[in-house]
Amino acid sequence: TVGRRVIAFVIDALLLMMAAAALHFVNLMSFGLLSGLLVLALALLPLTYHSLMISTAEGATFGQRAMGLRVVDRDGRPPRLIQAGILTVLFYATLMLTSGLLLIWCLFDDKGRCLHDILAGTLVVRTDRMS
């Protein structure tokens, strides 16, 4: 599952980069008048994307879906929006504050959970193993 998670993140990162490029293009077309909004939009884009996608019935981002993964809470359901938001904030905080080093936590966890999964009360599972 760890390898699938990495590939899913790369897919999601590419999608976010394309969205960011589109926002930069819109700002360029406005002759820079939207620069203030662009900064806000770029800051909120990853949080919004991950939180909204993970809190859907599918419980997964586009990258996770492509890799046959989904995020579930302790009851096996997709996380609520607030839980997905907490998961996303913890993920990016872990990524930025430790340069990704804490992400290796999942290599030592018996369920393959990263620290942000544990703290948010979620688990990433393969969809082909779901009942």
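The values are calculated or read from the model by the stated rules, or taken from the named source; none is laboratory data. Owing to the predicted nature of the structure, the values given are computational and were not obtained by experimental measurement. Heads up, the Cβs are rebuilt from the backbone with ideal geometry, glycines too, and the neighbour counts pull from every protein chain shown. The area values use the complete protein model at the heavy-atom level, side chains included, leaving out ligands, DNA and RNA. Shrake-Rupley method; radii C 1.70, N 1.55, O 1.52, S 1.80 Å.
When only alpha carbons are used to place a centre, region 1-46 and region 90-131 end up 23 Å from one another.
Using the 1.4 Å probe convention, the accessible area of the chain works out to 60 Å² per residue with neighbouring protein chains retained. Taking a point 7 Å out from the Cα of PHE62 in the direction of its Cβ, the residues of region 1-34 whose backbone N falls within less than 15 Å of it are 8-23. Cα convex hull, region 1-74: 88 Å³ per residue, rounded to a whole number.
Rg ratio for the chain: its Cα radius of gyration over 2.2 N^0.38 Å, N being its residue count, equals 1.12.
Of all the options LEU81, LEU16, LEU34, the one that moves most in a Gaussian network model of the chain with Cα springs shorter than 10 angstrom is LEU34.
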